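Engineer: Please read through the structure below; I'll follow up with questions.
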Amino acid sequence: MPQKRYIDLRSDTVTRPSPGMRKAIFEAEVGDDVLGDDPTVKRLEIMVATLLGKEEAVYVPSGTMGNQVALKSLTSPGEEVILDVGSHIYNNEAGAASALSGLQLHPIKGERGILSSVQILQEIRPLNIHHPQTALVVLENTHNSAGGTIYPLEVIQDVHKVAKEHNLKMHLDGARLWNASVATGIPLKEYAKYFDSVSVCLSKGLGAPIGSVVSGNPEFIKRARRNRKMFGGGMRQVGIIAAAGIYAVENNIERLADDHKNAKILAEALAKLEGINIDMETVQTNMVIFEIKDEKKDAFWLVEKLKENDILTLASGKKKMRLVTHLDVNEEDIQKTIEVFERVFKQ
Ligand code: TLP
């Protein structure tokens, strides 16, 4: 039986492999990647490392593992990591940084998710035996919980300057770095060059079913491979899914511009509704975050109403929602979503 079709705006992680991607999966050459002889994985790693301007890369099952492998490979237990209070690593990785790497996270509130060098400078611990040692700065680009906001390159450059002056490493959670690059026209490697490690996801807007890639220099990647194994992420004939990643990189980067356009259309229409409050400044890529102003309505009510109309969404708080556009949502779906919102908010 064919699956029922919903307009699924819960996340860009919901994308399903296209026929072309499935063909690539079917035809993939494979080997044992833990033994280092899966040719498709190697191709994907080289491809992503090259795009990011890094020497090497390692394929991991998820964005969470990508971040956690990077954190462990760049730090020692007891050290401190500066990051935004709304970051994925701080809120959505099940406490892994402290559980798996013995790290203390030091969150700071950025402006729409963006941390400035001045803020970071203020939070770097002075050398003193009482303090945990600040070791790493993590940035997230685009910033998920802020609504897909983009780090201005000048801010990254300033943060990098401060980090290097204080001997700190830099990691980029670039789950959606592709979106930032397509939206600004700034090449991926221009963003990546300020970081010791960069993690990018293939399974979000690029539409692969699984997989992320962590990149950096050879010494970092050697540690990352060992830590990936320790975290249980060493995979065998994984060329079968790496092929989907290659297909995603070759075919689905440029088209992210369509998702950005759809998010803008949706946001502009929702902003006109009485009961909704949107900070349009946050609508920079493929997300629309908004609050429900209407006292009698809340996000859980809205999720149900939308579902009755075959639109899937998630509440990110009692009054807060995030809608995400992606390759399985077209402009017609966006128009239908707008109509449903208009109807539901008139009730
Ligand atoms: N984000 C998911 C949820 O976990 C919230 C989503 O639906 O957006 N970094 C960033 C910035 C992310 O947004 C995510 C996933 C990850 C890392 C983790 O990726 P996975 O889910 O592959 O572990």
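The values are calculated or read from the model by the stated rules, or taken from the named source; none is laboratory data. Computed from a prediction, not measured in an experiment: that's the story for all the values here. Ideal geometry is used to build each Cβ from the backbone, glycine not excepted, and the neighbour counts take in all protein chains shown.
Engineer: Anything in segment 5-38 that is within 28 Å of residue 145 (Cα to Cα) and either of a type in the set (D, E, K, R) or in contact with a strand residue (DSSP E or B) (Cβ under 6 Å, 6 or more places away or on another chain) (or both)? List them, or say none.
Structural biologist: 5, 6, 7, 8, 9, 10, 11, 12, 14, 16
Engineer: Within segment 303-320, identify whether any single residue is small (Gly, Ala, Ser) and closer than 27 Å to residue 187 by Cβ, and answer yes or no.
Structural biologist: Restricting attention to segment 303-320, the residues satisfying the condition of being small (Gly, Ala, Ser) are 315-317.
Still in the list and also closer than 27 Å to residue 187 by Cβ: none.
No, segment 303-320 has no match at all.
Engineer: Could you list, in sequence order, all residues of segment 307-347 that are away from the ligand (no atom under 16 Å from the Cβ), among the hydrophobic types (A, V, I, L, M, F, W, C) and closer than 18 Å to residue 278 by Cα?
Structural biologist: Matches in segment 307-347: 334, 338, 340, 341, 344, 345.
Engineer: To continue, here is another question. Those residues that are surrounded by fewer than 24 Cβ atoms within 10 Å (Cβ to Cβ) and either within 10 Å of the ligand (Cβ to nearest atom) or of a type in the set (D, E, K, R) (or both), I need them from segment 183-202; list them, please.
Structural biologist: 189, 190, 193, 196 - these are the residues of segment 183-202 that are surrounded by fewer than 24 Cβ atoms within 10 Å (Cβ to Cβ) and either within 10 Å of the ligand (Cβ to nearest atom) or of a type in the set (D, E, K, R) (or both).
Engineer: A further question on this structure: Taking residue 12, is it under 30 Å from residue 336 (Cα atoms), surrounded by 22 or more Cβ atoms within 10 Å (Cβ to Cβ) and touching a Lys or Arg at 6+ places or on another chain (Cβ under 7 Å)?
Structural biologist: Against the criterion (under 30 Å from residue 336 (Cα atoms), surrounded by 22 or more Cβ atoms within 10 Å (Cβ to Cβ) and touching a Lys or Arg at 6+ places or on another chain (Cβ under 7 Å)), residue 12 qualifies.
Engineer: A follow-up question, please. Going through 304, 339 one at a time, which residue ends up being more than 26 Å from the chain's Cα centre (by Cα) and over 30 Å from residue 182 (Cα atoms)?
Structural biologist: So the residue among 304, 339 that is more than 26 Å from the chain's Cα centre (by Cα) and over 30 Å from residue 182 (Cα atoms) is 304.
Engineer: Being buried (at least 21 other Cβ atoms within 10 Å of the Cβ) and within 16 Å of the ligand (Cβ to nearest atom) is the filter here, so list the residues in segment 203-223 that pass it.
Structural biologist: Here is the first cut: in segment 203-223, the ones buried (at least 21 other Cβ atoms within 10 Å of the Cβ) are 203-208, 211-216, 220-221.
If the condition is that a residue be buried (at least 21 other Cβ atoms within 10 Å of the Cβ) and within 16 Å of the ligand (Cβ to nearest atom), then 203, 204, 205, 206, 207, 208, 211, 212, 213, 214, 215 are the ones that fit.
Engineer: For segment 112-132: of the residues being part of a helix (DSSP H, G or I) and in contact with a helix residue (DSSP H, G or I) (Cβ under 6 Å, 6 or more places away or on another chain), which is surrounded by the most Cβ atoms within 10 Å (Cβ to Cβ)? Lay out the reasoning, then the answer.
Structural biologist: Of segment 112-132, the ones part of a helix (DSSP H, G or I) are 117-123.
With in contact with a helix residue (DSSP H, G or I) (Cβ under 6 Å, 6 or more places away or on another chain) added as a condition, the list becomes 117, 120-121.
Working: 117: 19, 120: 23, 121: 15.
Filtering first and then ranking leaves 120.
Engineer: Restricting to segment 15-31, name every residue that is loosely packed, with under 15 Cβ neighbours inside 10 Å and of a type outside the set (Gly, Ala, Ser).
Structural biologist: The answer is 16, 19, 23, 26, 27, 29.
Engineer: Take the residues of segment 150-180 that are without any contact (Cβ under 8 Å) to a residue 24 or more places away in the chain and in a helix (DSSP H, G or I): which is nearest to the ligand (Cβ to nearest atom)?
Structural biologist: Pass one, segment 150-180, residues without any contact (Cβ under 8 Å) to a residue 24 or more places away in the chain: 154, 164-165, 167.
The next check asks that each one be in a helix (DSSP H, G or I); those that pass are 154, 164-165.
Values: 154: 21, 164: 24, 165: 27 Å.
In this case the residue turns out to be 154.
Engineer: For segment 236-347, give me every one of the helices (runs of 4 or more DSSP H) that falls completely inside it and has 3 or more residues that are in contact (Cβ under 8 Å) with a residue 60 or more places away in the chain.
Structural biologist: The qualifying helices (runs of 4 or more DSSP H) are 239-251, 256-271, 331-346.
Engineer: A further question follows. With the structure loaded, tell me whether residue 203 is among the polar types (S, T, N, Q) and not in a loop (DSSP other than H, G, I, E, B) or whether it fails that test.
Structural biologist: So residue 203 does not fit the description; no.
For every residue, the table says whether it meets (1) aliphatic (A, V, I, L, M); (2) farther than 18 Å from residue 204 by Cα; (3) in contact with a Phe, Trp or Tyr (Cβ under 9 Å, 6 or more places away or on another chain).
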position	(1), (2), (3)
270	yes, yes, yes
284	no, no, no
292	yes, yes, yes
302	yes, yes, yes
307	no, yes, yes
313	no, no, no
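Engineer: So, residue 244, is that one buried (at least 17 other Cβ atoms within 10 Å of the Cβ) and not assigned by TED's automatic domain parsing to the domain that holds residue 90 or not?
Structural biologist: The answer is no for residue 244.
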